[in-house]
Amino acid sequence: MMTENILEIFLVTVPGLEATLLAEAQQKGFAGAKAITGGVTVRGGWPDVWRANLELRGPSHVLVRLGSFKVQHLAKLDKRSRGFPWADTLRTDRPVRVDVTCKKSRIYHDKAAAERIEKAIRSAAGTEISKDADICIKARIFDDICTISVDTSGEPLHKRGHKEAVNKAPMRENLAALLLRECGFDGSEPVIDPMCGSGTFVIEAAEIAAGLYPGRSRAFAFEDLKSFDKVIWNDLKKKTIQNNTSCRFYGFDRDAGAIKMSCANAKRAGVSNLTSFGAQPISDLAPPEGPAGLVIINPPYGARIGDVGRLRALYTTLGSTLLSRFTGWRVGLATNSPELAKATKLPFGKKPLSFSHGGISVKLFKTPPLR
(Lines give C-alpha, C1' and ligand atoms only; values in the text may rest on other atoms or scores of the structure.)
Protein backbone atom coordinates (compact mmCIF):
# COMPACT_ATOMS: atom_id res chain seq x y z
CA MET A 1 0.00 0.00 0.00
CA MET A 2 1.08 3.60 -0.66
CA THR A 3 -0.98 5.18 2.08
CA GLU A 4 2.01 6.74 3.92
CA ASN A 5 3.55 8.72 1.03
CA ILE A 6 3.34 12.52 1.23
CA LEU A 7 1.75 13.69 -2.00
CA GLU A 8 1.15 17.02 -3.65
CA ILE A 9 -2.61 17.19 -4.20
CA PHE A 10 -4.21 19.76 -6.49
CA LEU A 11 -7.85 20.74 -6.02
CA VAL A 12 -9.13 22.21 -9.29
CA THR A 13 -11.62 25.07 -9.43
CA VAL A 14 -12.75 27.78 -11.84
CA PRO A 15 -10.61 30.94 -12.05
CA GLY A 16 -11.74 33.48 -9.47
CA LEU A 17 -12.87 31.06 -6.76
CA GLU A 18 -9.46 29.85 -5.56
CA ALA A 19 -9.65 31.78 -2.26
CA THR A 20 -13.11 30.41 -1.53
CA LEU A 21 -11.94 26.84 -2.12
CA LEU A 22 -8.85 27.53 0.03
CA ALA A 23 -11.14 28.47 2.93
CA GLU A 24 -13.03 25.18 2.56
CA ALA A 25 -9.83 23.10 2.42
CA GLN A 26 -8.51 24.83 5.54
CA GLN A 27 -11.80 24.35 7.38
CA LYS A 28 -11.71 20.62 6.54
CA GLY A 29 -8.19 20.33 7.99
CA PHE A 30 -6.13 19.67 4.86
CA ALA A 31 -2.43 20.32 5.46
CA GLY A 32 -0.36 22.94 3.65
CA ALA A 33 -3.32 24.44 1.79
CA LYS A 34 -2.23 27.15 -0.66
CA ALA A 35 -4.21 28.93 -3.38
CA ILE A 36 -2.63 29.06 -6.85
CA THR A 37 -4.07 29.93 -10.24
CA GLY A 38 -6.86 27.49 -11.06
CA GLY A 39 -7.12 25.82 -7.67
CA VAL A 40 -5.58 24.93 -4.32
CA THR A 41 -2.64 22.69 -3.46
CA VAL A 42 -2.60 20.60 -0.28
CA ARG A 43 -0.28 17.89 1.00
CA GLY A 44 -1.10 14.48 2.43
CA GLY A 45 -1.24 10.74 1.87
CA TRP A 46 -3.58 8.73 -0.32
CA PRO A 47 -6.32 8.70 2.35
CA ASP A 48 -6.30 12.51 2.15
CA VAL A 49 -6.83 12.22 -1.61
CA TRP A 50 -9.82 9.98 -1.01
CA ARG A 51 -11.16 12.29 1.70
CA ALA A 52 -10.84 15.32 -0.58
CA ASN A 53 -13.00 13.61 -3.19
CA LEU A 54 -15.51 12.50 -0.56
CA GLU A 55 -15.84 15.61 1.61
CA LEU A 56 -14.92 18.76 -0.32
CA ARG A 57 -17.78 20.50 -2.12
CA GLY A 58 -15.83 23.08 -4.10
CA PRO A 59 -13.34 21.28 -6.40
CA SER A 60 -14.18 20.01 -9.88
CA HIS A 61 -11.34 17.43 -9.80
CA VAL A 62 -8.67 16.21 -7.38
CA LEU A 63 -5.31 15.63 -9.06
CA VAL A 64 -2.22 13.98 -7.57
CA ARG A 65 1.19 15.00 -8.89
CA LEU A 66 3.23 11.87 -9.58
CA GLY A 67 6.45 13.59 -10.67
CA SER A 68 8.11 15.95 -13.12
CA PHE A 69 11.17 16.09 -15.36
CA LYS A 70 12.83 18.38 -17.88
CA VAL A 71 12.28 17.67 -21.59
CA GLN A 72 13.50 19.64 -24.61
CA HIS A 73 12.51 17.24 -27.40
CA LEU A 74 10.37 14.16 -28.06
CA ALA A 75 13.27 11.72 -27.82
CA LYS A 76 13.98 12.93 -24.28
CA LEU A 77 10.27 12.71 -23.42
CA ASP A 78 10.26 9.14 -24.73
CA LYS A 79 13.27 8.17 -22.60
CA ARG A 80 12.11 9.87 -19.40
CA SER A 81 8.56 8.52 -19.79
CA ARG A 82 9.85 4.95 -20.14
CA GLY A 83 11.82 5.36 -16.92
CA PHE A 84 8.89 6.87 -15.01
CA PRO A 85 7.51 4.68 -12.16
CA TRP A 86 4.05 4.16 -13.70
CA ALA A 87 3.69 0.75 -12.08
CA ASP A 88 3.70 2.34 -8.60
CA THR A 89 0.31 3.90 -9.37
CA LEU A 90 -1.33 2.09 -12.29
CA ARG A 91 -2.73 -1.43 -12.40
CA THR A 92 -2.36 -3.78 -15.35
CA ASP A 93 -6.08 -4.61 -15.36
CA ARG A 94 -7.42 -1.03 -15.49
CA PRO A 95 -7.02 1.02 -18.70
CA VAL A 96 -6.01 4.69 -18.68
CA ARG A 97 -6.22 7.63 -21.06
CA VAL A 98 -3.60 10.34 -21.50
CA ASP A 99 -4.26 14.07 -21.76
CA VAL A 100 -1.33 16.32 -22.74
CA THR A 101 -1.06 20.12 -22.92
CA CYS A 102 2.06 21.91 -24.17
CA LYS A 103 2.75 25.60 -23.54
CA LYS A 104 5.90 27.73 -23.89
CA SER A 105 7.96 24.62 -24.63
CA ARG A 106 10.10 23.24 -27.41
CA ILE A 107 7.74 20.28 -27.46
CA TYR A 108 4.60 21.86 -28.87
CA HIS A 109 2.72 18.97 -30.47
CA ASP A 110 0.22 17.62 -27.89
CA LYS A 111 -0.70 14.51 -29.87
CA ALA A 112 2.90 13.46 -30.55
CA ALA A 113 3.75 13.90 -26.86
CA ALA A 114 0.71 11.87 -25.83
CA GLU A 115 1.73 9.02 -28.12
CA ARG A 116 5.18 8.82 -26.46
CA ILE A 117 3.66 8.73 -22.98
CA GLU A 118 1.05 6.14 -23.96
CA LYS A 119 3.74 3.81 -25.33
CA ALA A 120 5.76 4.26 -22.15
CA ILE A 121 2.79 3.37 -19.94
CA ARG A 122 2.08 0.26 -21.99
CA SER A 123 5.66 -0.98 -21.84
CA ALA A 124 6.57 0.06 -18.27
CA ALA A 125 3.34 -0.76 -16.43
CA GLY A 126 1.59 -3.19 -18.78
CA THR A 127 -1.44 -0.90 -18.66
CA GLU A 128 -3.72 -0.59 -21.67
CA ILE A 129 -4.69 2.75 -23.20
CA SER A 130 -8.35 3.54 -23.88
CA LYS A 131 -10.02 6.83 -24.83
CA ASP A 132 -13.00 5.81 -22.68
CA ALA A 133 -10.99 4.99 -19.53
CA ASP A 134 -12.09 6.48 -16.20
CA ILE A 135 -8.48 6.98 -15.11
CA CYS A 136 -6.79 9.96 -16.76
CA ILE A 137 -3.06 10.66 -16.72
CA LYS A 138 -2.49 14.38 -17.25
CA ALA A 139 0.86 15.57 -18.61
CA ARG A 140 1.49 19.32 -18.64
CA ILE A 141 4.59 20.41 -20.54
CA PHE A 142 5.27 24.01 -19.57
CA ASP A 143 8.56 25.84 -20.05
CA ASP A 144 10.21 22.50 -21.00
CA ILE A 145 9.16 20.86 -17.69
CA CYS A 146 6.80 17.87 -17.97
CA THR A 147 4.60 17.42 -14.90
CA ILE A 148 2.73 14.11 -14.63
CA SER A 149 -0.49 13.91 -12.58
CA VAL A 150 -3.35 11.46 -12.21
CA ASP A 151 -6.96 12.63 -12.00
CA THR A 152 -8.25 10.69 -9.00
CA SER A 153 -11.86 11.85 -9.38
CA GLY A 154 -12.86 10.41 -12.74
CA GLU A 155 -16.12 12.12 -13.62
CA PRO A 156 -16.18 15.80 -12.55
CA LEU A 157 -17.02 16.22 -8.88
CA HIS A 158 -20.12 18.33 -9.52
CA LYS A 159 -21.71 15.01 -10.52
CA ARG A 160 -22.73 14.06 -7.00
CA GLY A 161 -24.77 11.08 -8.16
CA HIS A 162 -28.18 12.54 -7.28
CA LYS A 163 -29.17 14.93 -10.03
CA GLU A 164 -30.68 13.15 -13.01
CA ALA A 165 -32.98 15.96 -14.08
CA VAL A 166 -31.52 19.29 -15.19
CA ASN A 167 -32.93 22.34 -16.90
CA LYS A 168 -31.16 24.55 -19.44
CA ALA A 169 -28.16 26.56 -18.23
CA PRO A 170 -27.81 24.55 -14.98
CA MET A 171 -25.68 25.71 -12.06
CA ARG A 172 -23.04 23.10 -11.24
CA GLU A 173 -23.10 21.76 -7.69
CA ASN A 174 -19.47 22.54 -6.85
CA LEU A 175 -19.89 26.11 -8.09
CA ALA A 176 -23.12 26.50 -6.11
CA ALA A 177 -21.35 25.30 -2.96
CA LEU A 178 -18.55 27.85 -3.38
CA LEU A 179 -21.00 30.70 -4.01
CA LEU A 180 -22.99 29.72 -0.91
CA ARG A 181 -19.75 29.82 1.09
CA GLU A 182 -18.80 33.15 -0.47
CA CYS A 183 -22.17 34.53 0.71
CA GLY A 184 -21.37 33.49 4.29
CA PHE A 185 -23.59 30.41 4.40
CA ASP A 186 -22.45 27.79 6.93
CA GLY A 187 -25.57 25.63 7.24
CA SER A 188 -27.15 27.49 10.16
CA GLU A 189 -29.74 29.66 8.37
CA PRO A 190 -32.56 29.26 5.82
CA VAL A 191 -31.86 29.70 2.11
CA ILE A 192 -34.27 30.73 -0.65
CA ASP A 193 -33.69 30.53 -4.40
CA PRO A 194 -36.50 32.38 -6.22
CA MET A 195 -35.41 30.98 -9.64
CA CYS A 196 -34.25 27.53 -8.59
CA GLY A 197 -34.17 25.69 -11.93
CA SER A 198 -33.30 22.09 -11.03
CA GLY A 199 -32.78 23.01 -7.37
CA THR A 200 -28.98 23.05 -7.11
CA PHE A 201 -28.52 25.90 -4.60
CA VAL A 202 -31.36 24.63 -2.40
CA ILE A 203 -30.22 20.99 -2.37
CA GLU A 204 -26.58 21.93 -1.84
CA ALA A 205 -27.53 24.18 1.10
CA ALA A 206 -29.65 21.42 2.65
CA GLU A 207 -26.81 18.88 2.31
CA ILE A 208 -24.38 21.30 3.98
CA ALA A 209 -26.80 21.86 6.87
CA ALA A 210 -27.34 18.11 7.25
CA GLY A 211 -23.60 17.36 7.20
CA LEU A 212 -23.85 15.00 4.24
CA TYR A 213 -20.68 14.24 2.27
CA PRO A 214 -21.02 15.34 -1.38
CA GLY A 215 -19.24 12.22 -2.66
CA ARG A 216 -21.24 9.70 -0.62
CA SER A 217 -23.21 8.23 -3.54
CA ARG A 218 -20.72 7.91 -6.38
CA ALA A 219 -17.63 6.05 -7.54
CA PHE A 220 -14.18 7.57 -8.14
CA ALA A 221 -11.24 6.80 -10.40
CA PHE A 222 -8.90 6.35 -7.40
CA GLU A 223 -10.74 3.12 -6.56
CA ASP A 224 -8.96 1.59 -9.59
CA LEU A 225 -5.43 2.71 -8.63
CA LYS A 226 -2.82 0.51 -6.92
CA SER A 227 -2.83 2.69 -3.81
CA PHE A 228 -6.51 2.10 -3.04
CA ASP A 229 -7.37 0.50 0.30
CA LYS A 230 -11.04 -0.46 0.52
CA VAL A 231 -11.00 -0.86 4.32
CA ILE A 232 -9.69 2.67 4.93
CA TRP A 233 -12.09 4.03 2.31
CA ASN A 234 -15.11 2.40 3.92
CA ASP A 235 -14.04 3.79 7.30
CA LEU A 236 -13.83 7.29 5.82
CA LYS A 237 -17.33 7.01 4.40
CA LYS A 238 -18.72 5.77 7.73
CA LYS A 239 -17.45 8.88 9.53
CA THR A 240 -20.13 11.14 8.05
CA ILE A 241 -22.01 12.82 10.91
CA GLN A 242 -25.52 13.86 10.02
CA ASN A 243 -26.49 17.05 11.80
CA ASN A 244 -29.91 17.67 13.24
CA THR A 245 -30.96 20.99 11.71
CA SER A 246 -34.07 23.07 12.14
CA CYS A 247 -33.29 25.12 9.02
CA ARG A 248 -35.39 24.76 5.90
CA PHE A 249 -34.47 25.47 2.30
CA TYR A 250 -36.85 26.82 -0.33
CA GLY A 251 -36.84 26.87 -4.11
CA PHE A 252 -39.31 28.55 -6.43
CA ASP A 253 -39.60 28.81 -10.19
CA ARG A 254 -42.37 29.90 -12.53
CA ASP A 255 -41.75 26.71 -14.55
CA ALA A 256 -43.72 23.79 -13.03
CA GLY A 257 -41.42 21.36 -14.87
CA ALA A 258 -38.40 22.82 -13.07
CA ILE A 259 -40.15 22.35 -9.72
CA LYS A 260 -40.87 18.71 -10.56
CA MET A 261 -37.17 18.23 -11.40
CA SER A 262 -36.10 19.88 -8.14
CA CYS A 263 -38.36 17.68 -6.02
CA ALA A 264 -37.04 14.53 -7.73
CA ASN A 265 -33.42 15.65 -7.30
CA ALA A 266 -33.95 16.49 -3.62
CA LYS A 267 -35.50 13.07 -3.02
CA ARG A 268 -32.52 11.30 -4.63
CA ALA A 269 -30.16 13.39 -2.48
CA GLY A 270 -32.04 12.43 0.68
CA VAL A 271 -32.99 15.99 1.67
CA SER A 272 -36.71 16.06 0.84
CA ASN A 273 -37.47 16.60 4.53
CA LEU A 274 -35.41 19.81 4.58
CA THR A 275 -36.50 21.31 1.27
CA SER A 276 -39.66 22.82 -0.15
CA PHE A 277 -40.30 23.72 -3.80
CA GLY A 278 -43.17 25.59 -5.40
CA ALA A 279 -44.18 27.04 -8.77
CA GLN A 280 -44.68 30.80 -8.60
CA PRO A 281 -43.52 34.06 -10.22
CA ILE A 282 -41.03 36.40 -8.58
CA SER A 283 -43.81 38.84 -7.69
CA ASP A 284 -45.37 36.25 -5.33
CA LEU A 285 -42.14 35.65 -3.40
CA ALA A 286 -42.46 36.08 0.38
CA PRO A 287 -40.20 35.08 3.29
CA PRO A 288 -41.11 32.05 5.38
CA GLU A 289 -41.83 32.37 9.08
CA GLY A 290 -38.79 32.35 11.31
CA PRO A 291 -35.33 33.91 11.21
CA ALA A 292 -33.87 35.71 8.19
CA GLY A 293 -31.23 34.02 6.08
CA LEU A 294 -29.86 34.10 2.54
CA VAL A 295 -31.58 34.66 -0.79
CA ILE A 296 -29.31 33.36 -3.56
CA ILE A 297 -30.13 33.63 -7.25
CA ASN A 298 -28.60 32.71 -10.58
CA PRO A 299 -31.15 34.41 -12.87
CA PRO A 300 -31.11 34.33 -16.67
CA TYR A 301 -28.52 36.68 -18.15
CA GLY A 302 -27.79 38.13 -21.53
CA ALA A 303 -25.19 35.77 -22.98
CA ARG A 304 -27.14 32.76 -21.82
CA ILE A 305 -30.87 33.03 -22.52
CA GLY A 306 -32.03 36.52 -23.47
CA ASP A 307 -30.80 40.04 -24.06
CA VAL A 308 -30.30 42.66 -21.35
CA GLY A 309 -33.24 44.84 -22.39
CA ARG A 310 -35.70 41.98 -22.22
CA LEU A 311 -34.44 40.89 -18.82
CA ARG A 312 -34.39 44.30 -17.14
CA ALA A 313 -38.04 44.06 -16.03
CA LEU A 314 -37.35 40.68 -14.38
CA TYR A 315 -34.42 42.07 -12.38
CA THR A 316 -36.40 45.19 -11.44
CA THR A 317 -39.26 43.06 -10.10
CA LEU A 318 -36.80 40.85 -8.22
CA GLY A 319 -35.18 43.85 -6.55
CA SER A 320 -38.43 45.57 -5.56
CA THR A 321 -39.86 42.32 -4.14
CA LEU A 322 -36.79 41.66 -2.01
CA LEU A 323 -36.48 45.27 -0.80
CA SER A 324 -40.14 45.46 0.23
CA ARG A 325 -40.51 42.03 1.90
CA PHE A 326 -37.12 40.61 2.93
CA THR A 327 -35.85 42.91 5.69
CA GLY A 328 -32.91 41.28 7.47
CA TRP A 329 -32.14 38.85 4.65
CA ARG A 330 -28.86 38.92 2.71
CA VAL A 331 -28.87 38.58 -1.07
CA GLY A 332 -26.34 36.92 -3.38
CA LEU A 333 -26.90 37.36 -7.13
CA ALA A 334 -24.76 35.81 -9.88
CA THR A 335 -24.98 37.51 -13.28
CA ASN A 336 -22.71 38.49 -16.16
CA SER A 337 -24.33 41.93 -16.40
CA PRO A 338 -23.54 44.71 -13.89
CA GLU A 339 -26.25 46.69 -15.68
CA LEU A 340 -28.88 44.08 -14.78
CA ALA A 341 -27.60 43.86 -11.20
CA LYS A 342 -27.93 47.63 -10.93
CA ALA A 343 -31.53 47.41 -12.17
CA THR A 344 -32.48 45.57 -8.95
CA LYS A 345 -31.56 48.67 -6.88
CA LEU A 346 -30.30 46.29 -4.20
CA PRO A 347 -27.46 47.62 -1.97
CA PHE A 348 -24.66 45.50 -3.40
CA GLY A 349 -21.08 45.95 -2.26
CA LYS A 350 -18.69 47.83 -4.54
CA LYS A 351 -16.46 44.90 -5.53
CA PRO A 352 -18.34 41.83 -6.76
CA LEU A 353 -16.44 38.54 -7.00
CA SER A 354 -15.59 37.66 -10.61
CA PHE A 355 -15.37 34.04 -11.77
CA SER A 356 -15.85 31.91 -14.88
CA HIS A 357 -19.05 29.89 -15.43
CA GLY A 358 -19.26 27.83 -18.60
CA GLY A 359 -16.69 30.07 -20.27
CA ILE A 360 -18.68 33.21 -19.40
CA SER A 361 -17.29 35.86 -17.04
CA VAL A 362 -19.79 36.11 -14.18
CA LYS A 363 -19.88 38.28 -11.07
CA LEU A 364 -21.36 37.46 -7.65
CA PHE A 365 -23.03 40.55 -6.20
CA LYS A 366 -23.68 40.48 -2.43
CA THR A 367 -25.69 42.65 -0.05
CA PRO A 368 -25.54 43.10 3.72
CA PRO A 369 -28.82 42.33 5.56
CA LEU A 370 -31.55 44.35 3.85
CA ARG A 371 -33.02 47.26 5.80
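The values are calculated or read from the model by the stated rules, or taken from the named source; none is laboratory data. Being a predicted model, the structure only gives us computed values, none of them experimental. So basically every Cβ, Gly included, is an ideal-geometry build from the backbone, and we count neighbours across all protein chains shown. Each accessible area value is taken on the protein alone, full model and side chains, heavy atoms only, with ligands, DNA and RNA left out. Shrake-Rupley method; radii C 1.70, N 1.55, O 1.52, S 1.80 Å.
From the Cα gyration tensor of region 1-112, with a ≥ b ≥ c the square roots of its eigenvalues, which class applies: rounded if a/c is under 1.5, or else prolate if a/b is larger than b/c, or else oblate?
On the way: a/c = 2.30, a/b = 1.47, b/c = 1.56.
It is oblate, given that a/c is not under 1.5 and a/b is not larger than b/c.
Given the pairs Lys119/Lys230; Lys28/Lys237; Lys238/Lys260, which are separated by over 21 angstrom at their Cα positions?
Values: Lys119/Lys230 30 Å; Lys28/Lys237 15 Å; Lys238/Lys260 32 Å.
Listed pairs above 21 Å: Lys119/Lys230; Lys238/Lys260.
Run through region 137-196 and list the GluC sites (Glu not before Pro) located in a DSSP loop whose Cβ has at most 13 other Cβ atoms within 10 Å. Could you put the intermediate results ahead of the total?
On the way: sites: Glu164, Glu173, Glu182; in loops: Glu164.
Taking region 137-196 and a limit of 13 other Cβ atoms within 10 Å, the loop GluC sites (Glu not before Pro) found are Glu164.
Give the aspartates and glutamates reachable from Lys163 as a straight Cα distance under 12 Å; neighbours fewer than 8 places away on the same chain don't count.
Lys163 reaches Glu173, Glu204.
Top mean-square fluctuation among Lys267, Lys163, Lys103, Gaussian network model of the chain, C-alpha springs under 10 Å?
Lys103
Would you look at the GNM of the chain, springs on alpha carbons closer than 10 Å, and say which of Glu189, Glu24, Glu339 moves the most?
Glu339
Over the chain, how many percent of alpha carbon pairs lie in each 10 Å bin up to the one with the longest distance?
5, 22, 29, 22, 14, 7, 1
With a 1.4 Å probe and all protein chains left in place, how much of the accessible area of the chain comes from carbon and sulfur atoms, in whole percent? Walk me through the numbers before you get to the answer.
Values: 8460 of 16900 Å².
That fraction is 50 percent.
Roughly what would the spin-label model give for Glu155 and Ile360, points 7 Å off Cα along C-beta, in nm?
2.5 nm
Defining a contact as two alpha carbons under 8 Å apart and six or more residues distant in sequence, what relative contact order in percent does the chain show?
Details: 783 pairs, mean separation 53.6, N = 371.
That works out to 14 percent.
Could you do me a favour and compute the accessible area per residue for the chain, 1.4 Å probe, result in Å²? Could the numbers behind the result be given before it?
Details: 16900 Å² over 371 residues.
For the chain, the per-residue accessible area is 46 Å².
Under 22 Å Cα to Cα from Lys350, which lysines show up? Leave out anything in the same chain fewer than 8 places away.
By straight Cα distance, Lys350 reaches Lys342, Lys363, Lys366.
For the chain, what proportion of DSSP beta bridges, expressed in % and rounded to the nearest 5, is antiparallel?
Working: 38 of 61 bridges.
For the chain, the DSSP antiparallel bridge percentage is about 60.
Rounded, prolate or oblate, given the Cα gyration tensor of region 63-152, with a/c below 1.5 counting as rounded? Numbers along the way, then the final one.
Details: a/c = 1.69, a/b = 1.57, b/c = 1.08.
Prolate shape, in that a/c is at least 1.5 and a/b is the bigger ratio.
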